[in-house]
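Undergrad: Before I ask anything, let me first share the structure, which is written out below as structure tokens.
The values are calculated or read from the model by the stated rules, or taken from the named source; none is laboratory data. On a predicted model such as this, the values are computed, not experimentally measured, just so you know. Cβ sites come from the backbone with ideal geometry, for glycine too, and all protein chains shown count toward neighbours.
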Amino acid sequence: MRVMGTGKIIDLTRTLESGQPGVAFETKFTKERDGWNASTLHLYSHSGTHLDAPLHFDCGDKTVDEMPLESCMGEAHVVDLSGFPERGLIGVEDLGHVADAFVRGDSLLLFTGWSKHFEDRDYYRGNFPRVSEGLATWCAEQGVKMLGVEPPSVADVNDLPEVTRIHEILLGADIVIVEGLVNLNQIKSDKPFFAAVPLKIKGGDGTPCRAFAIEGELPPLTTA
């Protein structure tokens, strides 16, 4: 956590380490041998904290490099779903007051606490809370900008029809999906500024990203 002016920055990104699923580093140069240290990084496009482009499920042909940065940042509601049951389907009714306070163009961050399971095999087994079809449809209808979750996916990765259906609803509505978030429990405000900054990969279907939240005031943002 860092302080920027009157704003507090909370890092929501998992540190990538060689040996994690889809992550491998190898030494390319060393200071002793070559004059500097450098590595070659092998990254699955949906490893760690990452975002999905519409191309990921053929929901249009927009790729990571074509996603405007403003689509990857903005105000987000944090929904406290801590204690939500394993394999539970998160519905609109679980959003509580957020469903009534939501304004088109806002984003949603779903805090389930699932990031704590990263070191055990349950993290990827599909036992995590998932986004229901009803909630995905509501997000599309309400104009959600970004939907962020802690598990590796918004849907059961071991159920192809389910994971396809949920992604198609969300990505088909041009919603940026951010998966694998951490530290959502550190956010204390109901509606912080949220950003998930992607690598600009030509033709990319997804990419690891640096996700963070800012609580408090921040300077006006403009793009050039």
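Undergrad: Kindly indicate the residue of the stretch 155-182 that is over 22 Å from residue 68 (Cα atoms) and among the hydrophobic types (A, V, I, L, M, F, W, C) and also modelled with the lowest pLDDT among those meeting that condition.
TA: Kept after step one, since they are over 22 Å from residue 68 (Cα atoms), are these residues of the stretch 155-182: 155-166, 182.
If we keep only those that are among the hydrophobic types (A, V, I, L, M, F, W, C) as well, we get 155, 157, 160, 163, 166, 182.
Values: 155: 97, 157: 91, 160: 96, 163: 97, 166: 98, 182: 97.
Residue satisfying both the conditions and the ranking: 157.
Undergrad: Now for a separate question. How many residues does the stretch 3-22 hold that are without any contact (Cβ under 8 Å) to a residue 60 or more places away in the chain and over 22 Å from the mean Cα position of the chain (by Cα)? So that I can check it myself, show each step before the final result.
TA: Residues of the stretch 3-22 without any contact (Cβ under 8 Å) to a residue 60 or more places away in the chain: 3, 15, 17-20, 22.
Of the ones still in play, those that are also over 22 Å from the mean Cα position of the chain (by Cα) are 3.
Number of matching residues: 1.
Undergrad: How do the pairs read when you match residues in the stretch 142-161 that are closer than 11 Å to residue 178 by Cβ with residues anywhere that are at pLDDT 95 or above and surrounded by fewer than 17 Cβ atoms within 10 Å (Cβ to Cβ), using Cβ under 6 Å and keeping only pairs 6 or more apart or on different chains?
TA: What qualifies is 145/74; 145/105.
Undergrad: Separate question: When only residues in the stretch 85-120 that are in contact with a Lys or Arg (Cβ under 9 Å, 6 or more places away or on another chain) and among the small types (Gly, Ala, Ser) count, which is nearest to residue 194 (Cα to Cα)?
TA: The extreme case among them is 107.
Undergrad: Can you tell me how many residues in the stretch 145-189 are farther than 20 Å from residue 215 by Cβ, surrounded by fewer than 18 Cβ atoms within 10 Å (Cβ to Cβ) and out of contact with any Gly (no Cβ under 9 Å at 6 or more places or on another chain)?
TA: Within the stretch 145-189, residues that are farther than 20 Å from residue 215 by Cβ, surrounded by fewer than 18 Cβ atoms within 10 Å (Cβ to Cβ) and out of contact with any Gly (no Cβ under 9 Å at 6 or more places or on another chain) number 5.
Undergrad: Within the stretch 23-95, which strands (runs of 3 or more DSSP E) (wholly inside it) include 3 or more residues that are surrounded by fewer than 20 Cβ atoms within 10 Å (Cβ to Cβ) and over 18 Å from the mean Cα position of the chain (by Cα)? Steps first, answer last, please.
TA: Details: elements: 23-29, 38-43, 50-52, 73-80.
Because the criterion is at least 3 residues that are surrounded by fewer than 20 Cβ atoms within 10 Å (Cβ to Cβ) and over 18 Å from the mean Cα position of the chain (by Cα), the strands (runs of 3 or more DSSP E) in the stretch 23-95 that meet it are 23-29, 38-43.
Undergrad: Examine the stretch 172-190 for a residue that is more than 27 Å from residue 20 (Cα to Cα), over 14 Å from the mean Cα position of the chain (by Cα) and not in a loop (DSSP other than H, G, I, E, B), and state whether such a residue exists.
TA: Scanning the stretch 172-190, I find at least one residue that is more than 27 Å from residue 20 (Cα to Cα), over 14 Å from the mean Cα position of the chain (by Cα) and not in a loop (DSSP other than H, G, I, E, B), so the answer is yes.
Undergrad: Considering each residue of the stretch 135-162, count those that are out of contact with any strand residue (DSSP E or B) (no Cβ under 8 Å at 6 or more places or on another chain), of a type outside the set (Asp, Glu) and over 19 Å from residue 116 (Cα atoms), and give that number. Explain how you work it out, then say what you get.
TA: We begin by selecting, within the stretch 135-162, every residue out of contact with any strand residue (DSSP E or B) (no Cβ under 8 Å at 6 or more places or on another chain); these are 136-138, 140-143, 157-161.
When the remaining residues are screened for being of a type outside the set (Asp, Glu), the result is 136-138, 140, 142-143, 157-158, 160-161.
Restricting the remaining residues to those that are over 19 Å from residue 116 (Cα atoms) gives 136-138, 140, 142-143, 158, 160-161.
Final tally of qualifying residues: 9.
Undergrad: Looking at (1) closer than 19 Å to residue 211 by Cβ; (2) in a loop (DSSP other than H, G, I, E, B); (3) of a type in the set (D, E, K, R), which one does residue 116 not meet, given that it meets all the others?
TA: Just one mismatch for residue 116, condition (2).
Undergrad: Are any residues in the stretch 1-21 assigned to a loop (DSSP other than H, G, I, E, B), surrounded by 11 or more Cβ atoms within 10 Å (Cβ to Cβ) and at pLDDT 95 or above, and if so, which ones?
TA: Scanning the stretch 1-21 gives 12, 13, 14, 16.
Undergrad: Name the residues in the stretch 130-158 that are assigned to a loop (DSSP other than H, G, I, E, B) and under 15 Å from the mean Cα position of the chain (by Cα), would you?
TA: So in the stretch 130-158, the residues assigned to a loop (DSSP other than H, G, I, E, B) come out as 132, 143-145, 150-158.
Passing the criteria: 144, 145, 150, 151, 152, 153, 154, 155.
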